[in-house]
Amino acid sequence: MASSAQMCLRLYHLLLLTASPLRTHAFFSPSQPSSSCGPGRSWAVRLDAGSVTAGRSLERLAHSVAEEVGLENHGQIGQLEGHYLLCRGAEDSADVDSTESALDRNPRVLWHSREHILRRSKRSVTFNDPKYPSQWHLRGMDINVTGVWERNITGAGVTVVVVDDGVQHTLEDIQPNYSPEGSYDLNSNDPDPMPHPDGHSDNHHGTRCAGEIAAVSNNSFCAVGVAYGARVAGIRVLDGPLTDSMEAVAFNKHYQVNDIYSCSWGPDDDGRTVDGPHPLGKAALQHGVIAGRRGFGSIFVVASGNGGQYEDDCNYDGYANSIYTVTVGAVDENGRRPFYAEECASMLAVTFSSGSRQLRSIVTADWSLQSGTGCTDGHTGTSAAAPLAAGMVALMLQVRPCLSWRDVQHIITYTATQHDADAQADWGINGAGFHHSHKYGFGLLNAWRLVNAAKVWESVPFLVSYQSPVLKANEDIPEYPKTLTHTWNVSVSELRQSGMQTLEHVSVTVMMVHPRRGSVEIRLICPSGMSSLIGARRPLDVCYSRHQGNIFKIQ
């Protein structure tokens, strides 16, 4: 497509950005949870901690600022120090512009953002097909877990929290392993994450994910979780309007109780959406890996997405392409990529889920209000793959509780199995000698290999980063098949000066103008010759839009 568009790129050789958007003096925060006051009526603000005078606290500063701008202080946002939710009173009729102006003028407000509703989709695929009552993914073509169980490694001592639409913790397969200490309902602002019935009766998603992880064994009911000795908690956040501040609270909620956060949801998988965590959500993910789990870092496991039939790409999903998350895709019972599974350069690994109509889905616990039985053999999509991965990480943490969040990513990279079920797997070899595929990441997760590696793993050093200068192309994007190429050279000495010994992630921030976003393809070619498709063409993405600082990640 002809265009007079201009493009500039900013490249980051990243392990972690060195400038943190928040301070992390302590691992525990005594603040009460903030509560949403409705879309359009709340502002997230970051306050200047340096303006706190002797004898005053940030909480008092927040109250003072709220009064000055005509709002009410609803408390600190999760574990993000200095971030507060300010809301309009029920009878307040002030216009938005006056509130924005008051916040702009206040010298103690460093940043503010009016809250709006975020669209997040539960990642399941629905079929009306006959059921297959067997947990095939635990034996046969499987995750290789039965030998781990025989060694009495079941996830004991580890807590996995399912961030979703609720967990039916009274269910026979869930209740004995339920952790009320790690649970919360952000939709109703109370400690009980029980799903709420609605007109659609579709709030089974979180319960199904929880069952995959930690369903009780030997109770003559339904199924067995991959980490059936682990505790499982629930954070109910997807059954109602979702804002940036709510998401930030969810990512850090009870993060000294919860070790692993299982998130089987994300932006719409429609082949045209570009979205991800907003500023507070991003800050909470970063804060979680720094301060969560007693400083070893919260483990965030996310589903890669179900937009494959729309030629969607998970690099446009900011949760999947975050360096702080374990991005998990799906294969069917034959080890092949299902029709719904997305592919992307940020894929870390895959595990089993549903396939075509002729293939079996995942057996797990279910919301009894919907199923009547509390059991289903119809859990599907990458929604079903991510909890299996979270359960396998729980097995790893039982044998080595001190693994850092980066250790977990390293072990997955080293132990994932390159499988040859798909001749079109596009396996490439990166500069470190690892096979990687946009379809399968580093390969199929193997519980036996993960646990054995965890036992003897030598922890990797703390994270460092190198950030390049802004690279401006200032050239038109040519019509296909011509390309616009920009080369960036960095010396070993430059990397050594930043403390970098090995390269684990590359993140590319792209700022680009083009009349049809889905027509543009962006590749990053490394000195080794490895080509990573970091921005895929998407036929349904017809937006005239800017890539305004969208970050693409490769492994």
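The values are calculated or read from the model by the stated rules, or taken from the named source; none is laboratory data. Please read these numbers as outputs of a predicted model, since none were measured by experiment. Glycine gets a Cβ as well: all are built from the backbone with ideal geometry, and neighbour counts include every protein chain shown.
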Within the stretch 299-336, track down each residue that is hydroxyl-bearing (Ser, Thr, Tyr), over 16 Å from Trp405 (Cα atoms) and buried (at least 24 other Cβ atoms within 10 Å of the Cβ). Ser304, Tyr316
Using the structure shown, decide if Glu72 is surrounded by 19 or more Cβ atoms within 10 Å (Cβ to Cβ), of a type outside the set (S, T, N, Q) and either in the same structural domain as Thr243 (by TED's automatic domain parsing) or within 32 Å of the chain's Cα centre (by Cα) (or both). no
Give the residue, chosen from His254, His287, that is at pLDDT 95 or above and assigned to a loop (DSSP other than H, G, I, E, B). His254
Identify, from the list Ala156, Ala233, Ala210, the residue that is at pLDDT 95 or above, touching a helix residue (DSSP H, G or I) at 6+ places or on another chain (Cβ under 7 Å) and outside any strand (DSSP E or B). Ala156
Take Ala447 and tell me if it is in the same structural domain as Trp405 (by TED's automatic domain parsing) and surrounded by fewer than 16 Cβ atoms within 10 Å (Cβ to Cβ). no
Tally time: how many residues in the stretch 118-153 are at pLDDT 65 or above, surrounded by 14 or more Cβ atoms within 10 Å (Cβ to Cβ) and more than 27 Å from Tyr178 (Cβ to Cβ)? 2
Within the stretch 535-555, restricting to residues that are out of contact with any Asp or Glu (no Cβ under 9 Å at 6 or more places or on another chain) and among the aliphatic types (A, V, I, L, M), the one that is modelled with the highest pLDDT is Val542
Could you figure out which of (1) without any contact (Cβ under 8 Å) to a residue 60 or more places away in the chain; (2) under 29 Å from Lys253 (Cβ atoms) isn't true of Gly308? (2)
Considering only residues that are more than 14 Å from Glu67 (Cα to Cα), in contact (Cβ under 8 Å) with a residue 24 or more places away in the chain and not in a strand (DSSP E or B), which ones fall in the stretch 80-97? Leu80, Glu81, Gly82, Val96
Among (1) at pLDDT below 95; (2) surrounded by fewer than 22 Cβ atoms within 10 Å (Cβ to Cβ); (3) among the polar types (S, T, N, Q), the one test that Thr364 misses: (2)
